[in-house]
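Read through the structure below, which is laid out as C-alpha cells, and then see the notes.
Rule-based calculations on the coordinates, nothing more; no lab input. Remember, it's a predicted structure, so these values are computed and weren't measured experimentally. Because the Cβ atoms are built from the backbone with ideal geometry, glycine has one as well, and the counts that use them run over all protein chains shown.
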Amino acid sequence: MKLDMHCEMILDEYREGLPVFERIRSVVIDTLRQRLDDNHLTVAGLEGRIKTEKSLTGKLELKGYKYRTLDDITDIVGVRIITFFSDEVDIISALVEQLFEIDWENSVDKRKMLEIDRFGYMSLHYICRIPTALYNDPSMPQLNTVRFELQMRSALQHVWANMQHDTGYKSDVEIPVEHQRSLNRLAGILELADEQFSRIRKEINDYRRNVQSLVASGNFDEVPLNGDTFRSYCELRPFKRLADKIATINQAELYEDSLMPYYNVLVHMGMKTIGDIERMRNECSESAYQLALIQLAGTGLDIVAYSVTLQNLCIAKILKQGFGEAGLTRMFSAIYGESAYNAQRAARIYEQAKKINMI
C-alpha cells in the first residue's frame with residue numbers, strides 16, 4: 001500500500017528527527033538508571049527503543065489519517081521498566097512522576113482492565129516529556145517538546161505479553177475456542193501468581209522488621225534463633241567489648257569479618273533462641289579471653305579477626321558441655337568444611353584449654 005503525501009511528510013519528519021529521538025532515549029534511560037540506583041531499587045529490566053521506519057510505515061498505512069504531524073504519535077521513543085513484583089510498579093511510577101512531565105490525558109493505567117485475558121496488557125503507560133530543569137540542550141530544543149512513551153509492568157506480565165505475541169494471540173487469525181480458553185485460564189493463573197509473589201514478599205519483609213524490633217528490644221529469650229534473627233543480633237555487635245579486650249593483648253587492629261558462618265554451629269550446639277547465645281556470652285567470656293591469651297601470646301600478630309570472639313566462646317561452651325576434641329572437630333568442619341586439618345586444630349585447642357583449666 002502506497003502512503004499518501006501527508007503520511008510521506010510525517011515519515012520525512014521522522015527521518016529528520018532520528019538524532020533527537022536517540023538522544024531522548026539515552027537521556028531517559030540514563031536518568032532512570034541513576035534514580036533507581038539512588039533509591040536502591042533493583043528492576044528486572046530497563047530498555048528503550050526507537051520505532052523503526054518499517055513499523056511507523058505500517059502504523060501510517062493503517063491509521064495515518066489520525067495524525068496531523070509526527071508529534072501526534074507518542075510512541076516513537078519507547079522505554080520500558082520491568083519490575084520483579086507487581087506492587088513495585090507504583091513505587092517506580094512515583095519516581096517517574098518526579099522526573100518527567102506527564103501527559104495525563106494520553107496516559108493510561110491498563111492494570112485497571114478487568115478481563116481475564118488482559119493480564120499481558122496490564123502495564124502502566126505514561127506519555128512523558130523531559131523537563132528543561134532535568135536536561136536541557138539549547139542546540140536541540142526538541143528534546144523538551146517531543147513526547148515519549150514509558151511502560152511499567154511486572155516480569156510475569158512482560159513474559160505473558162511476549163508469549164501472546166509469539167503464539168499469535170494478538171494476530172488477526174481467529175484462535176479456536178478451546179485454545180483461547182486455555183490461554184485465558186493461564187492468564188488467570190499468572191495474575192494470581194503475580195499477586196501472591198507480592199503478598200509473600202510483603203509478609204516476609206514485615207516478618208523481618210518484626211524480628212529486628214524484637215532483637216533491638218533486648219528480650220532475647222523471646223527471639224527464636226534463625227538466620228534472620230542471628231543476622232539482626234550480630235548487627236548489635238554483642239561481642240565488641242570482648243573483641244576489643246582480645247585485641248589489646250597484642251595491641252592489634254581488629255579485622256571486621258562475618259559471624260554468619262557460625263550460625264549452623266550454634267544450631268548444632270542446641271541453641272534455640274538468641275537468649276541462649278547471650279547466656280553463652282555471659283558465662284564463657286572470661287574463658288574465651290583466657291584462651292585468646294594463650295593463642296596470641298608471643299605471636300606478634302597485629303591483626304585480630306572479630307570472629308575470634310564467637311569462635312572462642314563456642315570452644316569454651318563445647319568443652320564445658322563435655323564434647324571434647326570430637327566436638328571441636330565438628331565445629332571446625334562446620335565453619336571451614338571437611339578437612340583432616342580440623343582434627344589437628346581441635347587437638348591443639350584442646351591442649352591449650354587444658355592449660356587454663358577449661359577441662
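General remarks:
- Each label point was placed 7 Å from the Cα along the Cα-to-Cβ direction; for Ile249 and Asn282 their separation is 2.5 nm.
- With neighbour counts taken as other beta-carbon atoms within 10 Å, the residues Val223, Val20 rank, fewest first, as Val20, Val223.
- Dividing the summed helix terms, -39500 (n - 2.57) for each DSSP H run of n ≥ 4, by the number of residues in the chain produces a 222 nm estimate of -18500 deg cm²/dmol to the nearest 500.
- Spin-label proximity, Arg237 to the range 298-327 - amide N less than 17 Å from point 7 Å beyond Cα toward beta carbon: 304-310
- Neighbourhood net charge (12 Å Cβ-Cβ; Lys/Arg +1, Asp/Glu -1) for Arg201: -3
- Footprinting exposure proxy for Tyr67, Tyr126, Tyr233 (fewest neighbouring C-beta atoms within 10 Å first): Tyr67, Tyr233, Tyr126
- Here the relative contact order of the chain, from alpha carbon pairs under 8 Å that lie six or more residues apart, stands at 12 percent.
- For the range 309-359, GluC sites (Glu not before Pro) meeting the loop criterion (DSSP other than H, G, I, E, B) and having at most 11 other Cβ atoms within 10 Å: Glu338.
- Prolate/oblate/rounded call for the range 251-359, Cα gyration tensor, a/c under 1.5 rounded: rounded
- In terms of other Cβ atoms within 10 Å, Trp104, Trp160 run from fewest to most in the order Trp104, Trp160.
- Phi-derived couplings, Karplus 6.51 cos²θ - 1.76 cosθ + 1.60 at θ = phi - 60°, listed residue by residue for the range 93-105: 5, 5, 5, 4, 5, 6, 8, 10, 7, 9, 8, 5, 4 Hz, with x used for Gly and Pro.
- Projecting the Cα atoms of Phe85, Leu70, Leu32 onto the charge dipole of the range 1-103, computed from C-beta unit charges around the Cα centre, puts Leu70 farthest toward the positive end.
- Pairs from Lys245/Lys317; Lys202/Lys272; Lys51/Lys110; Lys240/Lys317 whose Cα-Cα separation, in the structure shown, is over 23 Å: Lys202/Lys272
- Cα-based shape type of the chain, given that a ≥ b ≥ c are square roots of the gyration tensor eigenvalues and the cut on a/c is 1.5: prolate
- The range 5-175: C-alpha gyration tensor shape, a/c 1.5 cut-off, then a/b vs b/c: oblate
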